Amino acid sequence: MDSPYIPPGYYGTRDVARALQTSPGAVRNLVYRGRLKRAGGTERQPWFRAEDVAALLAERRARSAA
């Protein structure tokens, strides 16, 4: 479950999973592999910067278009 308070400009794990059209487990795997960095929150309920998520999404779209 995501934190009840996520500051503006940040996303929770579920929000990132929805944006990337994947599962929360896949988001945790992206963090583990170093593709996405936590920007706050707690160990169990991290926040991610909207800019980092947008960059990852753009990279995925560019890779699928190629």
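Among the residues making up the stretch 7-18, those that are open to solvent by less than 40 Å² (accessible area, probe 1.4 Å) and assigned to a helix (DSSP H, G or I) are 13, 16, 17. What about residue 28, is it without any contact (Cβ under 8 Å) to a residue 12 or more places away in the chain, open to solvent by 90 Å² or more (accessible area, probe 1.4 Å) and not β-branched (Val, Ile, Thr)? Considered against the rule, which asks whether it is without any contact (Cβ under 8 Å) to a residue 12 or more places away in the chain, open to solvent by 90 Å² or more (accessible area, probe 1.4 Å) and not β-branched (Val, Ile, Thr), residue 28 comes out as no.
For the stretch 55-66: of the residues being touching a residue at least 24 places away in the same chain (Cβ under 8 Å) and among the hydrophobic types (A, V, I, L, M, F, W, C), which is nearest to residue 19 (Cα to Cα)?
Step one: filter the stretch 55-66 for residues touching a residue at least 24 places away in the same chain (Cβ under 8 Å), giving 56-57, 60.
Subset that is among the hydrophobic types (A, V, I, L, M, F, W, C): 56-57.
Values: 56: 10, 57: 8 Å.
Filtering the stretch 55-66 for residues that are touching a residue at least 24 places away in the same chain (Cβ under 8 Å) and among the hydrophobic types (A, V, I, L, M, F, W, C), the one nearest to residue 19 (Cα to Cα) comes out as 57.
Going through (1) of a type outside the set (S, T, N, Q); (2) on the phi < 0 side of the Ramachandran plot; (3) loosely packed, with under 13 Cβ neighbours inside 10 Å one by one, residue 57 falls short only on (3). Taking the stretch 32-54 as the range and being open to solvent by 30 Å² or more (accessible area, probe 1.4 Å) and either part of a helix (DSSP H, G or I) or in contact (Cβ under 8 Å) with a residue 24 or more places away in the chain (or both) as the test, the residues that pass are 32, 39, 41, 42, 45, 47, 49, 51, 52, 54.
The values are calculated or read from the model by the stated rules, or taken from the named source; none is laboratory data. For clarity, every value in this text was computed on a predicted model and none was experimentally measured. So basically every Cβ, Gly included, is an ideal-geometry build from the backbone, and we count neighbours across all protein chains shown. For accessibility, only protein heavy atoms count, side chains too; no ligands or nucleic acids. Shrake-Rupley method; radii C 1.70, N 1.55, O 1.52, S 1.80 Å.
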